[in-house]
Amino acid sequence: MEIGAGSQISARQRKAGVSLHITSLPGPYGIGELGQNARKFVDKLVSMKLGVWQILPLGPTAYGNSPYQPLSTFAGNELLIDIGDLIDLGLLVANEVLELTALPKRYVDYAALIPAKNRLLDLAASRFDEKADDAMKADFASFLTRNDSTWLHDYATYRTLKSRHAEQPWPAWSPDYVHRDATSMRELEGIEGDRIEITKVIQYLFFRQWRQLRDYANANGVSLFGDMPIYIALDSSDAWANREILQIDENGIPVCVAGVPPDYFSEEGQLWGNPLYDWEQHKSTNYRWWAERLRATCDIADLVRIDHFRGFESYWSIPASSTTARVGTWEPGPGDAIFDAMRASLGSLPIIAEDLGVITPEVTRLRDRHNIPGMRVLQFAVCDDGFKLADVGVNSVCYTGTHDNDTTIGWYHGSPDDVRSDNEIKRTQEAALKVTRGCPEMVHTDLIKAAFSTAAYIAIAPMQDYLGLSSEARINTPGIADGNWRWRVQETQLSQGICDNVASMVIAARRGLPHNGKQ
């Protein structure tokens, strides 16, 4: 499925999909993983006739376990590596993983999972030379050739140093390592060569499994829809190894940071704290780093959502010393130049613009000039004065809600910790029924049908909405640091009855996969 080529989307290409992060898959080892249960989920999608599977960013997580603050924009999240596959490869044995099988199945217990799984991954990687066959060793060598000089060695070194410094952010490390002193870095590799190699093997195992999952999904007609935050974390291997691309000083201290000013979503605005890009430096290299970043993302996904698209037109620059997002200035982004450069390097751009919130006409024109689809989220849109489903255009992706929203049932009925007043919830209910022409008892299904009925070439609902779950299944609450990214679907919830119900909605909307799932 090609995007950005300027061609009209035909009815034959209309797709329906699901959003469900890998961590939320069922499975026996404490967290959703990339192996057998991910392939089983693809089989369920084929049964539901859903042709698009949207996931969250796949980078290694740190603070708050958020996929939107990864330790690398190129590396994979080691926690997603399938333990069963490592057992099949002889890198682990079954009685070594009992600690993982004892973890909860209904949610991710990160505090218990992370140390236990990291020990097992280190053990598996330490056996790689002994247990891997010649074909896998050759595949690993090819992986090193493709990635070592661009990001992999920096990432493995960064993770080693972060461990040596009690997981502190890199600006707090010893000065020799903050400044990447050549002598100190050579000495580190002599001391920590084995540790660095283990990290590289673990990354290889992640991408090997991901490649197998993507091949399986594509072979069954399912496109994988990835997600790429516009900004990178200060505490990341990308910032440590490429500080010239950011507005930070030689010690890694930001000059200004990212966020958004006050709007109707937030009276105080949002102070994200990510370092901002030095767009003049990017321009001087013809946006090479961005082209490589998008190329790497396209290697793992068929489509890519870029978060906070409006930052390419102009971005809110907040002084690093500020404690509020109210203080800041709008600064010009790279505009057309970055998309022209990436298209020249990569060809057509398979990207979707996250263009939610307060979007200016200039942002819309930038998106439209490059024929980049935008997003419409019905939980937001139905409350807009005069909104009609016919307002959702072809060149867009229509959602019931996203990972940042409550489930549709929680949104409609309200939840115990809902910040909305009773009157606001009542207005939401009236607006939802007006648009869906449905009933309160079936609001989740009615909103899915509404999304499917639009002209949008892709319509997506979270798995929680297909299952009709309430607020206890919400995966993320923005502004709340703890308790997010934990929810998991249970295999028993993905019944044949659910699959048949979803398939009937997809078929009725003429969005379904063919009978055999193939495109």
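Readers should treat all values here as calculations from the given coordinates under stated rules, not as data from a laboratory. Since the model is a prediction, treat every value here as computed from it, not as a measurement. Methodologically, a virtual Cβ is constructed for each residue, glycine included, from the backbone with ideal geometry; neighbour enumeration extends over all protein chains shown.
Ellipticity at 222 nm from helices only: DSSP H runs of n ≥ 4 in the chain, each -39500 (n - 2.57), divided by the residue count, give -12000 deg cm²/dmol. Normalised by the number of residues in the chain, the mean separation of alpha-carbon contacts (under 8 Å, six or more apart) gives a relative contact order of 21 percent.
Within the chain, the longest segment free of exposed loop sites, counting chymotrypsin sites (Phe, Trp or Tyr not before Pro) that fall outside DSSP classes H, G, I, E and B and have at most 15 other Cβ atoms within 10 Å, spans 1-263. For the stretch 242-372, the antiparallel share of DSSP beta bridges with both residues in that region comes to about 80%. Checking every one of the trypsin sites (Lys or Arg not before Pro) in the stretch 424-456 against DSSP loop status and a limit of 12 other Cβ atoms within 10 Å picks out ARG437. Among the trypsin sites (Lys or Arg not before Pro) in the stretch 289-396, those placed in a DSSP loop whose Cβ has at most 14 other Cβ atoms within 10 Å are ARG326, LYS388.
Annotation for ALA62 and ALA431: the two label points, set 7 Å from Cα along the Cα-Cβ direction, are 3.8 nm apart.
Among ILE31, ILE306, sorting on how many other beta-carbon atoms sit within 10 Å of each Cβ, with the fewest leading, yields ILE306, ILE31.
Ranked by how many other Cβ atoms sit within 10 Å of their own Cβ, fewest first, the residues VAL502, VAL435 fall in the order VAL435, VAL502. Taking the Cα centre of the stretch 242-372 as origin and assigning +1 to Lys and Arg Cβ atoms and -1 to Asp and Glu Cβ atoms, the resulting dipole is close to 280 debye. In plain terms, the residue of MET185, MET463 with the fewest other Cβ atoms within 10 Å comes first and the most crowded comes last, giving MET185, MET463.
Taking 26 Å as the straight-line reach from the Cα of LYS426, the lysines in range (excluding those fewer than 8 positions away in the same chain) are LYS388, LYS434, LYS449.
Hey, of (1) 1.15; (2) 0.99; (3) 0.95, which did the structure itself give for Rg/Rh (Cα atoms, Kirkwood Rh) when calculated? For Rg/Rh (Cα atoms, Kirkwood Rh), the calculated option is (3).
Given a cut-off of under 8 Å on Cα pairs at least six residues apart, what relative contact order in percent is computed for the stretch 242-372?
Details: 197 pairs, mean separation 34.7, N = 131.
With pairs under 8 Å counted, the relative contact order is 27 percent.
Beyond 23 Å in Cα-Cα separation lie the following of the pairs LYS15/LYS40; LYS162/LYS283; LYS162/LYS200; LYS15/LYS105; LYS49/LYS105; LYS105/LYS162: LYS162/LYS283; LYS15/LYS105; LYS49/LYS105; LYS105/LYS162.
Return the ratio Rg/(2.2 N^0.38 Å) for the stretch 375-478, where Rg is computed over Cα atoms only. List each step's numbers first, then the result.
On the way: Rg = 12.6 Å, N = 104, 2.2 N^0.38 = 12.8 Å.
Its radius of gyration relative to the 2.2 N^0.38 Å reference: 0.98.
Using only Cα coordinates, the Kirkwood hydrodynamic radius of the stretch 242-372 works out to 15.6 Å.
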